[in-house]
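Quick notes on the structure that follows.
The values are calculated or read from the model by the stated rules, or taken from the named source; none is laboratory data. As the structure is a computational prediction, the values presented were derived from the model and not from experiment. A quick note on method: Cβ atoms are made from the backbone with ideal geometry, for glycine too, and the neighbour counts reach across all protein chains shown. Just the protein is used for accessible areas: all its heavy atoms, side chains included, with ligands, DNA and RNA removed. Shrake-Rupley method; radii C 1.70, N 1.55, O 1.52, S 1.80 Å.
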Amino acid sequence: MKTHISVQAAVVTMLVAKRPVLAKLPIRWELRSNGGVYVDLDLFADAAIVPQVAAEMARAIRGAKTNGWDIQQDDGTVTRAYQVTGQPSGVRVEFLAYQRGLRPDEVAALEGGDAV
């Protein structure tokens with residue numbers, strides 16, 4: 001069963017009310033025809049804010065599932081993926097974004113470990 005657009009909009013409003021900083025971040029909320037809500041960075045947003053957006057989304061969604069992984073690139077840099085999903089009020093909300101061009105020492109610092 002598809003979720004009505006007004007329910008999707010209400011979920012977006014609720015998440016922004018829980019975490020007002022979401023209204024100030026350069027993100028866009030896409031109400032999908034399948035009843036879900038997809039959150040994406042604005043086209044020209046700095047990818048450095050991806051971890052902040054992921055953290056705020058995880059705080060806003062009760063019971064959010066977070067996932068992250070690193071992808072080693074041919075040029076020696078690392079692309080880090082951030083994914084946050086949840087179903088507040090029965091509406092699937094998903095954020096998936098990438099932070100590209102990280103050096104291995106930056107990745108180690110983000111993890112609190114030593115550079116490889």
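In summary, Val16 fulfils each of the numbered conditions (1) modelled with pLDDT of 95 or more; (2) over 18 Å from the mean Cα position of the chain (by Cα) with the single exception of condition (2). Taken together, the residues in the stretch 1-50 that are surrounded by 14 or more Cβ atoms within 10 Å (Cβ to Cβ), assigned to a strand (DSSP E or B) and not acidic (Asp, Glu) amount to 7. Taking the conditions exactly as written (on the phi < 0 side of the Ramachandran plot and open to solvent by less than 70 Å² (accessible area, probe 1.4 Å)), does Gln87 satisfy them or not? For Gln87, the condition - on the phi < 0 side of the Ramachandran plot and open to solvent by less than 70 Å² (accessible area, probe 1.4 Å) - is not met. Among the residues making up the stretch 51-84, a single one is within 13 Å of Leu15 (Cβ to Cβ), of a type in the set (D, E, K, R) and open to solvent by less than 80 Å² (accessible area, probe 1.4 Å): Glu56.
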